[in-house]
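Report on one structure; see the data block that follows.
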């Protein structure tokens, strides 16, 4: 019998396997003799066992898979148990800039910038930067730097805000004029990029710079919608612009990291992992409780197939991509967790069967999402929903430049959430957004609070039903201090009922775009509709009349109901009501009043004073409450 066999025999009766940074992988995993690595602990665990992860840092150098054979496994973090996809850079590797690079740095930075030879860190060749933004999705971020738990910024100009494109020429290699000739002073421009909104404020992009010449910037590729004048952008990844604390630059030719730490005493981490930390494949009743996932280039957790996997009381922080991807299976759940400073969104939910309308039942509840679009800044929501029958309940979404929830498919429930300080940099979006699908029936958006939804344009909505999405119910929500409460962009059989609007620029936008400027969209909508069996018994029983869509003025906004809404200091229901919408849908019994009212938001609590309470129906009184998580959520 080998040593390994003896050890496995000795540990086979354990129900708890302990792992600690002070442990030893030759130990038995008991509380007095913990192992050192998560991988070893998992190898000792059977289905139904518990892995106790003691406080400490655990670098995950390759993906760890929990399979069907570990069903029933519980993984519980004690204290500050961190699974990390990055490496800590010891101060012993810090050096002062030398030679031409030192001269290229701004004089104010030369005595503050640290240089690290990445070859000595042993992390491999730094990956090249890739395009990011609206039309560029990937599964991987580049190396990123974090100091004192704060994301650092690729050296950029200007340090804050945006420049504006000048006169443009477009084509395969667009160019635009610069009003400031500062880039002509840069020597290192081989890997300079521009990031911005080159045509629409809902479509960001990053594009490598090809050339600076005669006061113009030439880009190496075009933007999806072309480049026009007077649009916001900034330069990034320029060594000469490393001029303030919190900025960094990676010389990919020489494998050198330059950075000016935002916190001189903070620990320095470089994210390097190009894989998930945990992959739960076809597992059932697996629980991840109280772990922290940090500094990774890829999504730390992927759940595929299986049933009832739960992630709770956990933190996802300083991630280059999104935090969790759930695909297929049934009944997976994320609860009481925090997602903060993520690069490309928070949680991706896929599941259910649209052909049969079988729900997946995945849920995201009682969690906090903040600063979840750090790298790409449009359409990287806190929760991205695809499929049938998802639940997004009692969460908080704050501090992001675009949509918090984007939904696709059928029969989702979005309720009891708080949405605040969103769409502050972009336009033509919604805190909750769905679009372009006549078959996207059955979603309920109810009992949510939308607060301070403002942006750069005039169509930043609390709820945005875009381009004729149909069959969505929006009821008993509160919209406070929003540019526009909600929009029904054409579409059919949507219900907007018993909502409260206060201090919004406008409450409702109800249009008939399918009969006007978007009549060209018929073929696209027809194609999307025909991808599902909308005339089958399963569909017609659940959504009566959907089978007649193509024979019943399909581009007309028919069958919508907008009733029982109260508009205080938010205009009137007819302010943005198009005639065809009025004639083909039911808009009635909405009330409005001007002036100041005793309504306010304190934290996540909607306060409705007695004067306003007397104005609204009894059924709306329950809106005066606290929204978002009902339980405590781990701090940062």
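Limited to the range 96-115, what total is found for residues that are surrounded by 12 or more Cβ atoms within 10 Å (Cβ to Cβ) and without any contact (Cβ under 8 Å) to a residue 24 or more places away in the chain?
Qualifying residue count, the range 96-115: 3.
Please verify whether the range 409-418 includes one or more residues that are part of a strand (DSSP E or B), under 13 Å from the mean Cα position of the chain (by Cα) and under 16 Å from residue 339 (Cβ atoms).
There is no residue in the range 409-418 that is part of a strand (DSSP E or B), under 13 Å from the mean Cα position of the chain (by Cα) and under 16 Å from residue 339 (Cβ atoms).
Looking at residue 212 and the list (1) touching a helix residue (DSSP H, G or I) at 6+ places or on another chain (Cβ under 8 Å); (2) closer than 26 Å to residue 262 by Cβ, which single condition is not satisfied?
Looking at each condition in turn, residue 212 falls short on (2).
Residue 48 is checked against (1) farther than 25 Å from residue 321 by Cβ; (2) in contact with a strand residue (DSSP E or B) (Cβ under 8 Å, 6 or more places away or on another chain) and fails just one. What number does that condition carry?
In the conditions (1) farther than 25 Å from residue 321 by Cβ; (2) in contact with a strand residue (DSSP E or B) (Cβ under 8 Å, 6 or more places away or on another chain), residue 48 misses (2) alone.
Hey, among 595, 559, 571, which residue is more than 35 Å from the chain's Cα centre (by Cα) and part of a loop (DSSP other than H, G, I, E, B)?
Answer to the check: 595.
Being closer than 30 Å to residue 318 by Cα and assigned to a loop (DSSP other than H, G, I, E, B) is the filter here, so list the residues in the range 602-636 that pass it.
Residues satisfying the conditions are 603, 604, 627, 628, 629, 630, 631, 632, 633, 634, 635, 636.
In this structure, does residue 245 turn out to be touching a strand residue (DSSP E or B) at 6+ places or on another chain (Cβ under 6 Å), surrounded by fewer than 18 Cβ atoms within 10 Å (Cβ to Cβ), touching a residue at least 12 places away in the same chain (Cβ under 8 Å) and under 26 Å from residue 115 (Cα atoms)?
yes
Of these, 306, 320, 346, 352, which one is touching a strand residue (DSSP E or B) at 6+ places or on another chain (Cβ under 9 Å) and under 23 Å from residue 532 (Cβ atoms)?
On inspection, the qualifying residue turns out to be 352.
Using the structure shown, decide if residue 89 is farther than 30 Å from residue 235 by Cβ and in contact with a helix residue (DSSP H, G or I) (Cβ under 7 Å, 6 or more places away or on another chain).
The answer is no for residue 89.
Please specify each residue of the range 85-95 satisfying the condition of being surrounded by 12 or more Cβ atoms within 10 Å (Cβ to Cβ) and within 21 Å of residue 56 (Cβ to Cβ).
85, 86, 87, 88, 89, 90
In this structure, does residue 549 turn out to be in contact with a helix residue (DSSP H, G or I) (Cβ under 8 Å, 6 or more places away or on another chain) and buried (at least 21 other Cβ atoms within 10 Å of the Cβ)?
Considered against the rule, which asks whether it is in contact with a helix residue (DSSP H, G or I) (Cβ under 8 Å, 6 or more places away or on another chain) and buried (at least 21 other Cβ atoms within 10 Å of the Cβ), residue 549 comes out as yes.
Considering 51, 82, 76, which residue is more than 30 Å from residue 124 (Cβ to Cβ), in contact (Cβ under 8 Å) with a residue 12 or more places away in the chain and assigned to a strand (DSSP E or B)?
Only one candidate qualifies: 76.
Out of the range 257-303, which residues are in contact with a strand residue (DSSP E or B) (Cβ under 6 Å, 6 or more places away or on another chain) and farther than 30 Å from residue 367 by Cβ?
Listed by number, the residues that qualify are 257, 258, 259, 260, 261.
State all residues of the range 203-219 that are under 28 Å from the mean Cα position of the chain (by Cα), assigned to a loop (DSSP other than H, G, I, E, B) and surrounded by fewer than 24 Cβ atoms within 10 Å (Cβ to Cβ); if no residue qualifies, say none.
Residue satisfying the conditions is 203 alone.
Being surrounded by fewer than 21 Cβ atoms within 10 Å (Cβ to Cβ) and under 19 Å from residue 633 (Cβ atoms) is the filter here; which residues of the range 293-311 pass it?
Result: 310, single match.
Let's see how each residue does on (1) crowded, with 21+ Cβ neighbours inside 10 Å; (2) outside any strand (DSSP E or B); (3) modelled with pLDDT under 95:
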position: 316; (1), (2), (3): yes, no, no
position: 350; (1), (2), (3): no, no, no
position: 356; (1), (2), (3): no, yes, no
position: 364; (1), (2), (3): yes, no, no
position: 369; (1), (2), (3): yes, no, no
position: 373; (1), (2), (3): yes, yes, no
position: 392; (1), (2), (3): yes, no, no
position: 399; (1), (2), (3): no, no, no
position: 402; (1), (2), (3): yes, yes, no
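I need a count of the residues in the range 581-595 that are out of contact with any strand residue (DSSP E or B) (no Cβ under 9 Å at 6 or more places or on another chain) and in contact (Cβ under 8 Å) with a residue 12 or more places away in the chain.
1
Going by what's in this entry, would residue 229 be described as exposed (fewer than 15 other Cβ atoms within 10 Å of the Cβ) and either at pLDDT 95 or above or in a loop (DSSP other than H, G, I, E, B) (or both)?
Yes: the conditions hold for residue 229.
Working only within the range 242-260, note down all residues that are in a strand (DSSP E or B) and farther than 11 Å from residue 126 by Cα.
Those that are in a strand (DSSP E or B) and farther than 11 Å from residue 126 by Cα: 247, 248, 249, 258, 259, 260.
The values are calculated or read from the model by the stated rules, or taken from the named source; none is laboratory data. Worth saying up front: this structure is predicted, and the values here are computed from it rather than measured. As a convention, Cβ positions derive from the backbone with ideal geometry for all residues, glycine included, and neighbour counts pool all protein chains shown.
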